[in-house]
1. Starting from the Cα of TRP386, step 7 Å along the direction of its Cβ; do the same at ALA288; then give the gap between the two resulting points in nm.
2. Eigenvalues of the Cα gyration tensor times 5, then square-rooted: what semi-axes does that give for the range 227-374, in whole angstrom, largest first?
3. Note down the Stokes-Einstein diffusion coefficient of the range 300-440 in µm²/s, whole number, using a Kirkwood radius over alpha carbon pairs, 20 °C, and 1.002 mPa s.
4. Please state the shape class of the range 102-188: rounded when a/c is under 1.5, otherwise prolate if a/b exceeds b/c and oblate if not, all from the C-alpha gyration tensor.
5. Using Cα pairs under 8 angstrom and six or more residues apart, how large is the relative contact order of the chain, in percent?
6. Using a/c under 1.5 as the rounded threshold, could you call the range 100-250 rounded, prolate or oblate? The axes a ≥ b ≥ c are square roots of the C-alpha gyration tensor eigenvalues, and prolate needs a/b larger than b/c, oblate otherwise.
7. Given a cut-off of 25 Å, name the pairs among LYS233/LYS261; LYS149/LYS342; LYS153/LYS208; LYS233/LYS342 whose C-alpha atoms lie farther apart than that in the structure shown.
8. Which value results when the Cα radius of gyration for the chain is divided by 2.2 N^0.38 Å?
Amino acid sequence: MGARLAPGYLLLTTLPPECRMILDCRDLLRIDDNPGLWLDNVVPVWVMPSAPMSPRRQRFLLQAVAALRAGLRARGSDVLIRFGDRVEVLTALAAELGCGVACARPSGVDELHQDAQIPGLVYFDARTLYGADDLPFSATPEPFTRFRKVVEKQLRVDAPVDAPARLPAIPVRLAPGELPPLPVVAHDPRAYRDYRGGEDAAQAELAKYFSGTRPAHYKQTRNAMHGCEGSTKFSPWLAQGSLSPRRIWHRVTQYEQQVTKNDSTYWIQFELLWREFFQWWLPEQSPALFGRRELAPAPRDFARWCAGDTGVPMIDANMRELNATGYMSNRGRQNVASFLSKDLGVDWRLGADYFETHLIDYDVASNWGNWAYVAGTGADPRDDRWFNVLLQGTRYDRRGDYVRHWVPGLAGIDPGCVHWPWRDGGPRPIIHPPRWNSVIDA
């Protein structure tokens, strides 16, 4: 029969039935809508990444690999767990089996460079809404609005492919390997929820979200920082490849057909297109986006930013939530990025790197693309892109519920000064841009 190719987005040639193919599961930790699993005689492999990550992020990742293993074993297969240099591991295994390597197309510059060192590696598209061969342009249109108008007019999102019922067994001579123990992380009682990595948790989250009314109100609630009901919260599972963007897209369409269609349901797909934009835009950027020079030593202000100790409640609350949970709202990310790069004048790459270490939903394209965007150096570069974090606080946390939740020192502060507590006897912030005064004195 040859390779069973999922329609529309595989870039693999048909293989003879006896040929095996290593499926590198690097950031595609799911069985649903995984075109690589439809290859004959596929051998799934996962190599433990060497990049620094917090214990919480590592725990979330290992939970996903464990869930993938359980799902594959239930279908007669398995995933080989390996450690060491990814290029060396996959190259040696391919030589041992006499086969090639396939993986989902990455969006990071470093990942593409690493992949180029693996002989015969081929890509398929499973982390994006569209396939590379479907794109009606040779270079990603900028800014995002141009990209969105082109793809909305000319492309459609293919239906996701259901998980296969059975899969071929792994060759018995190959030791499956064991996952390292899950890092122990303390539960912070302030956390709005606990996140569990893996496809089972992702599918449960998807079903729960679309079983209620939240999709119909998404546009009005998406910027909420306090609580966990505002946005979809799909990003952690999207980032690790436990949840398909195509699956989400078609669940929105199904919701529109069966329940209601409005600006909010469209806006969920709109946000998926923002993610899509960065997935295609980032690989086209040279390493210059990340900087040709070495980073200077981090200044003292950077350490206080990391710790949530700047004296600015909007910044401190968001950074403390990140450190305690591995998550931060998109609204929060925009504000802390602007504050670091524009108000403190710290190299934005330090902030992006800190996010890479701590975010459980770290995605190379979304993280570095959005940081560069806010800093004014990425897509749609602008020097005047600046967030007035005090104004943002009064707009998106009007009563101060969010900042009080994460900054207990605000308990005795007058409600009218909750976003500028130094006006009511609180500690002074590490910086006070003059443009803040128009908000304080309003």
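1. 2.7
2. Values: eigenvalues 182, 71, 30 Å².
So the equivalent ellipsoid measures 30, 19, 12 Å along its semi-axes.
3. D, rounded to a whole number, is 142 µm²/s.
4. Cα axes put the range 102-188 in the prolate bin.
5. Reported as a whole number, the value is 17 percent.
6. Oblate, since a/c reaches 1.5 and b/c is not below a/b.
7. Numbers: LYS233/LYS261 20 Å; LYS149/LYS342 30 Å; LYS153/LYS208 31 Å; LYS233/LYS342 28 Å.
Where the Cα-Cα span goes over 25 Å, the pairs concerned are LYS149/LYS342; LYS153/LYS208; LYS233/LYS342.
8. My calculation over the Cα atoms of the chain gives 1.02.
Quick note: the coordinates plus some simple rules give every number you see, no bench work behind them. The shown structure was predicted, so the numbers you read here are calculated from the model rather than taken from an experiment. Neighbour counts are summed over all protein chains in view; Cβ atoms, including those assigned to glycine, are modelled from backbone coordinates with ideal geometry.
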